[in-house]
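Quick notes on the structure that follows.
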Amino acid sequence: MADYRKKLTLIDSSASRVMVLQCNKSERKSFVKHYQDDGTTAWAKETVVGWHPDKTPKILHIAVQSEQVYEIFGQPNISGLYAFYSDPKGKIWYCQISQEERAVLKGAKKEGKTFRDALVELSKRVF
């Protein structure tokens with residue numbers, strides 16, 4: 001089985017791209033916060049697709065939308081803020097960002113810029 005704890009992994013599903021998180025049974029379950037366009041936050045909805053023998057969650061899937069910011073909690077190597085954006089062909093990718101960069105992206109979105117364009121202006125590597 002792939003190790004989803006070292007690098008954030010996105011997979012394709014029928015309707016969207018899905019973030020895959022792996023939880024060790026010795027740790028608390030991971031959570032993902034979704035920063036919404038209106039400035040509020042909400043816990044992202046997850047689907048448990050794999051279980052440990054003791055019935056604790058092992059693999060979580062979280063559907064992501066483009067042009068959104070998500071924050072991952074409870075993952076030793078990949079916790080933090082991520083901006084999700086679309087490439088010119090419409091495929092969703094991500095870029096790790098700081099709190100300051102999140103504020104810049106929020107302002108750019110209000111100005112009508114895409115996250116991808118704003119990330120390029122922040123000298124981030126994008127697809």
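The values are calculated or read from the model by the stated rules, or taken from the named source; none is laboratory data. Given the structure is predicted, the values throughout are model-derived calculations rather than measurements. Using ideal geometry, Cβ is built from the backbone for each residue, glycine included, and neighbour counts are taken over all protein chains shown. Areas reflect the complete protein model, heavy atoms only, side chains present, ligands, DNA and RNA absent. Shrake-Rupley method; radii C 1.70, N 1.55, O 1.52, S 1.80 Å.
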- Run down the lysines and flag those whose C-alpha is under 20 Å from the C-alpha of Lys58, throwing out any fewer than 8 positions away in its chain. Lys6, Lys7, Lys25, Lys29, Lys33, Lys45
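Please sort by residue number the GluC sites (Glu not before Pro) in the range 71-127 whose DSSP state is loop and whose Cβ has at most 16 other Cβ atoms within 10 Å. All intermediate terms of the calculation are to be shown ahead of the outcome.
Numbers: sites: Glu71, Glu100, Glu101, Glu111, Glu121; in loops: Glu111.
Those satisfying the criteria are Glu111.
Please work out the average accessible area per residue across the range 63-127, using the 1.4 Å probe convention, and give it in Å².
54 Å²
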- Item | FRET E, pair Ser26, Val49, Förster distance 30 Å, beta-carbon r, rounded to 0.05 | 0.90
- Cα centre as origin, Lys/Arg/Asp/Glu Cβ charges: the chain dipole, Debye: 300 debye
- Note on the structure: Going residue by residue through the range 26-38, the Karplus relation 6.51 cos²θ - 1.76 cosθ + 1.60 with θ = phi - 60° gives ³J(HN,Hα) values, rounded to whole Hz and with x marking Gly or Pro, of 7, 10, 5, 4, 6, 9, 10, 9, 9, 8, 8, 4, 7
- Task: Sticking with the crude label model, points 7 Å out along Cα→Cβ, report the distance from Lys33 to Glu111 in nm, one decimal please.
- Result: 2.6 nm
- Note on the structure: Of every hundred units of 1.4 Å-probe accessible area on the range 31-127, the number belonging to carbon and sulfur atoms, as a percent, is 52 percent
- Message: With an 8 Å Cα cut-off and a minimum separation of 6 or more residues, compute the relative contact order for the chain in percent.
- Response: 19 percent
- Query: Among all the aspartates and glutamates, which ones have a C-alpha under 17 Å from Lys55's C-alpha, if same-chain residues fewer than 8 places away are not counted?
  - Reply: Glu27, Glu46
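Over the range 73-127, what portion of Cα pair distances is larger than 13 Å, expressed as a whole percent?
Numbers: 867 of 1485 pairs.
Percentage above 13 Å: 58.
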- Counting only residues 5 or more places away or on other chains, whose amide H sits under 5 Å from the amide H of Arg17 once H atoms are built in the peptide plane? Val64
- Query: Among Gly90, Leu21, Leu105, which residue has its Cα positioned farthest towards the positive end of the charge dipole of the chain, with +1 placed on the Cβ of Lys and Arg, -1 on the Cβ of Asp and Glu, and the dipole taken about the Cα centre?
  - Reply: Leu21
- Item | Model label zone, Ala63; criterion: amide N under 16 Å from point 7 Å along Cα-to-beta-carbon; scope the range 1-30 | 11-20
